[in-house]
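Chemist: If you scroll down you'll find the structure; I have some questions about it.
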Amino acid sequence: MDEKFNKPYDPKTTEENIYSIWQESGFFNPDNLPPRHQKPFTIVMPPPNANGNLHTGHALFITLEDIMTRFKRMNGFKALWIPGADHAGFETQIVYEKKLEKEGRSRFKMDPQDLYKEIYDFTIENKTNMENQVRRLGASCDWSREKFTLDPGVIKNVQKTFAKMYEDGLTYRGNRMVNWCTKHQTSLSEVETETQEKVDKLYYIKYGPVTVATVRPETIFGDVAVAVNPNDDRYKHLINTEISVTTPIGEMLLKVIGDESVETDFGTGALKITPAHDKNDFEMALRHNLPSVEIINQYGKLNEKTGKYAGLKINIARDEVVKDLELMGLLEKTEEYTHPVPTCYKCGTTIEPRQLPQWYVKMKPLAEMALKAVQEKKVVFYPDNYRKIFNYWMEHTTDWNISRQIVWGIPIPAKICNACEHGFPDLEDAITKCPKCNGDVRKDTDTFDTWFSSGQWPLIVTGHPDSDDFKKHYPTDIMETGYDLIFKWIPRMVIFGLYLAKIVPFHTVYLHGLVNDAKGKKMSKSKGNVINPLDMTALYGTDALRMALVVANPPGSDTSLSEPKIKGYKNFANKIWNITRFVLSNTEGIFLDESLITNTADKNLLTELNTLTKDITSDLNEHRYHLSSEKIYHYAWHRFADEILEESKNVISGENAEDKLSRQHTLIFILKRIITVLHPFMPFVTEEIWKDIPANKTGLLMIEEWPEK
RNA sequence: GCGCGAUUAGCUCAGUUGGUAGAGCAACUCAUUUACACUGAGAAGGUCGGGAGUUCAAAUCUCUCAUCGCGCACCA
């Protein structure tokens, strides 16, 4: 028996050593696998953001995807797990802006190219750090195929898709209301805003002959009409007339319009219309052919059209306007009012709707394709209830704004005419005149929404359309990611896969939940309950962390992680270590020969073991990782160690030589099986022990055949 | 408002197609040069949120109520 078993298991030295053995073997790359590996199995790694350290959510997905990959590899598949790194446009820019803020600098005072270069260097540095952490967690992914979302080839492909969609009439330039964050100075898509319940005041303001209710009295200077319901007897007679309205900066003439969308029982039933600063009002103005008057600028300050209020921020202007209205006797009453307000998902700033020309993706035809694919079960969800959520979202799409006013991203390869504002793609950056009016054109300075590029990720990393990898590994098998990406990412990948490759990018979606703290509360820096996965790995070993993350953690629901739980699995790693020690020290000089297992009791033990193996195999095939991990844990500790080993002590010290020999072979057999089945979950300790198992082995445990019993 | 999920031992959670309730941690009693104290043995702890229904049989299926959580949402 090797001397190493005389000391407790030491994850630290073992893990580094084992990972480099794996890497040197070349088996992370499926092209190097032995001939028995034929049928491809492919997972695309959700590329972690290259802007910081991994968190427990990353540790969870790495664990799950590594289990999937290792299981399939052992089952003889040409298993490929493609890693990546995400430049994470908006997210990284925010991280970097915070850094700039600390240094007393601002992105708005920098040359965009300098800023881009700085963020690039920052990201590349963090990317290396991130990759090393992924290795630390045992990921058996093929680093030779790794892609970064800002690789030149990726940029080129994404830009080509944009041009193709333009040709196909699926992208267009629209001058519509956008979700504007006044802090970050960019527009945001629907999924990048978060609706928050806010308590505001609802002001009832005398508006000529009517009274209107509004939470935004500061926008009255941008009003172009008053709307009422055409069936509202109180106001019917005013429709299509002009009314004179008194404001703190003078009189205004406003048209009264009738629109079905006005609720008669909310407020006074009369609604002021501010098309430039409210989505509803904008839509209504379109219906009634009303002008739009912008009175708030991109920084959230009132402009010169508001007279004495010019230059004031929205909230201050609101107070001032209310004060003045009250002095003028125009404020009828004020009510407390709770309502949902869209905010920036990153900084919580209230979204200021603005009318801006931007690029949009026409979602309806694309969503229909995706919906159909899911209905036909071309894509299945684990757990299944997320299919309903996916469908709901696909049935309620709005056109997708893909323009972002940030530098950190893939440039939109488009030109815009200075004369007629016509926008069109220009991949070569060669067109200087507008094809419509022959006017001078300017380059679009915007970048793509990150999800526009990451939506194409499965295609990009497999080398769509003509690489060997694309032919072999697309469509991929499983997309494993967090349920929070059910809107942001999954639908976009399905859409781009169907649109560009005419086939879904994956047939299975496995969604994991959040990793919460020991009390089931969400981890957050402000609560101080964040568990850093790399700290846990250093303290208890990666295998222990992986078990703590996967046992009893079914798909689609949140799990809670605590240090004692991880520690418990460290103890388990050591238990396995000592089981091995016991077996090896009681079987000196024996090399496993199954035919020598002759005793009936021993044969029964093998039957029991085979039943368990079968059960675990079917759990793994059906994505029940939370059950399979627990079953092998339970068997190893509470059946094999507590019962079978204890009983074996008598057999081995007993008189009957045949019984003894049969039992010795049985112990090695069971140990070998436990180590094999446990490998996807706890790859390090099992690979280390594997070296010392006295039995026929093909080589590394990571490519050992999965027991088909 | 609409939708989804949850409610099981003191805490955190499993429980696949219905077949007399499980794990980890905590707490209790005992064992002590043992493969392993990163240990073992034992005991304790639950009318599975309430109610109704289907069934030979329900934590599991149906309905309903309650509470909590999450997601979505353009009545100013």
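Chemist: What's the magnitude of the charge dipole for region A:76-122 around its Cα centre, counting Lys and Arg as +1 and Asp and Glu as -1 at the beta-carbon? Answer in Debye, nearest 20.
Modeler: 100 debye
Chemist: Give me the angle, in degrees from 0 to 90, between the Cα long axis of helix A:279-288 and the longest principal axis of the Cα atoms of chain A, rounded to the nearest 10.
Modeler: Roughly 50 degrees, rounded to the nearest 10.
Chemist: Do any trypsin sites (Lys or Arg not before Pro) in region A:36-127 lie in a loop, going by DSSP, with at most 16 other beta-carbon atoms within 10 Å of their beta carbon, and if so which?
Modeler: A:Arg36, A:Arg105
Chemist: Could I ask something else about it? Can you list the aspartates and glutamates whose alpha carbon is less than 15 Å from that of A:Lys521, not counting same-chain residues fewer than 8 positions off?
Modeler: Excluding near neighbours in sequence, the set is A:Asp558, A:Glu563.
Chemist: For region A:663-709 and region A:201-258, compute the distance between their C-alpha centroids and round to whole Å.
Modeler: Value for the Cα centre distance between the two parts: 79 Å.
Chemist: Now for a different question. Let me spell out the model: positive unit charges on the Cβ of Lys and Arg, negative unit charges on the Cβ of Asp and Glu, origin at the Cα centre of region A:640-709. What dipole size does that give, in debye rounded to 20?
Modeler: 180 debye
Chemist: Based on the alpha-carbon gyration tensor of region A:2-63 and its eigenvalue square roots a ≥ b ≥ c, which shape applies: rounded if a/c is under 1.5, prolate if not and a/b is larger than b/c, or oblate?
Modeler: It comes out oblate by the Cα gyration axes.
Chemist: Hey, another quick one. Take the residue pairs A:Lys183/A:Lys522; A:Lys156/A:Lys443; A:Lys575/A:Lys660; A:Lys519/A:Lys567; A:Lys201/A:Lys323 and return only those whose Cα atoms are more than 20 Å apart.
Modeler: Check vs 20 Å cut-off fails for A:Lys183/A:Lys522; A:Lys575/A:Lys660.
Chemist: Oh, and also: Nearest 10 degrees, 0 to 90: what angle lies between the long axis of helix A:657-678 and the longest principal axis of chain A (Cα atoms)?
Modeler: Helix A:657-678 and the main axis of chain A meet at about 20 degrees.
Chemist: Further question: Quick check on chain A: helices-only [θ] at 222 nm, where DSSP H runs of length 4 and up contribute -39,500 (n - 2.57) each and the sum goes over total residues. Nearest 500, please.
Modeler: Here the helix-only value at 222 nm equals -12000 deg cm²/dmol.
Chemist: Could you work out how far the C-alpha centroid of region A:34-77 sits from that of region A:107-176, in angstrom?
Modeler: Spelled out, the Cα-based centre of one part sits 21 Å from the other.
Chemist: State to the nearest 20 debye the size of the charge dipole of region A:582-682 about its Cα centre, where the only charges are +1 on K and R beta carbons and -1 on D and E beta carbons.
Modeler: It comes to approximately 240 debye.
Chemist: For region A:375-422, which trypsin sites (Lys or Arg not before Pro) are in a loop by DSSP, counting at most 11 other Cβ atoms within 10 Å?
Modeler: For trypsin sites (Lys or Arg not before Pro) across region A:375-422 that sit outside H, G, I, E and B with at most 11 neighbouring Cβ atoms in 10 Å, the list reads A:Lys377.
Chemist: Right, something else. List the trypsin sites (Lys or Arg not before Pro) in region A:469-518 that DSSP assigns to loop (not H, G, I, E or B) and whose Cβ has at most 11 other Cβ atoms within 10 Å. Which are they?
Modeler: A:Lys502
Chemist: Report the gain in length on full extension from A:Asn650 to A:Lys433: 0.36 nm times residue separation, minus Cα-Cα distance, nm rounded to one decimal. Spell out each step's value before the answer.
Modeler: Values: separation 217, 0.36 × 217 = 78.12 nm, distance 9.24 nm.
Stretched fully, the A:Asn650-A:Lys433 segment lengthens by 68.9 nm.
Chemist: State whether region A:38-159 is rounded, prolate or oblate according to the following rule on the C-alpha gyration tensor (a ≥ b ≥ c being the square roots of its eigenvalues): a/c under 1.5 gives rounded; otherwise a/b larger than b/c gives prolate, and the remaining case gives oblate.
Modeler: Working: a/c = 3.56, a/b = 2.06, b/c = 1.73.
Cα axes put region A:38-159 in the prolate bin.
Chemist: Okay, next question. With respect to the cross-link table entries A:Lys78/A:Lys164; A:Lys109/A:Lys433; A:Lys614/A:Lys672; A:Lys12/A:Lys691; A:Lys72/A:Lys697, which display a Cα-Cα separation exceeding 22 Å?
Modeler: As for pairs spanning more than 22 Å Cα to Cα, those are A:Lys78/A:Lys164; A:Lys109/A:Lys433.
Chemist: Taking Cα centroids, how far is region A:457-526 from region A:571-621 in Å?
Modeler: 38 Å
Any read-out appearing in this document is the output of simple, stated calculations on the displayed coordinates, not a laboratory observation. Being a predicted model, the structure only gives us computed values, none of them experimental. Note that each Cβ is placed from the backbone with ideal geometry, even for glycine, and that neighbours are counted across all protein chains shown.
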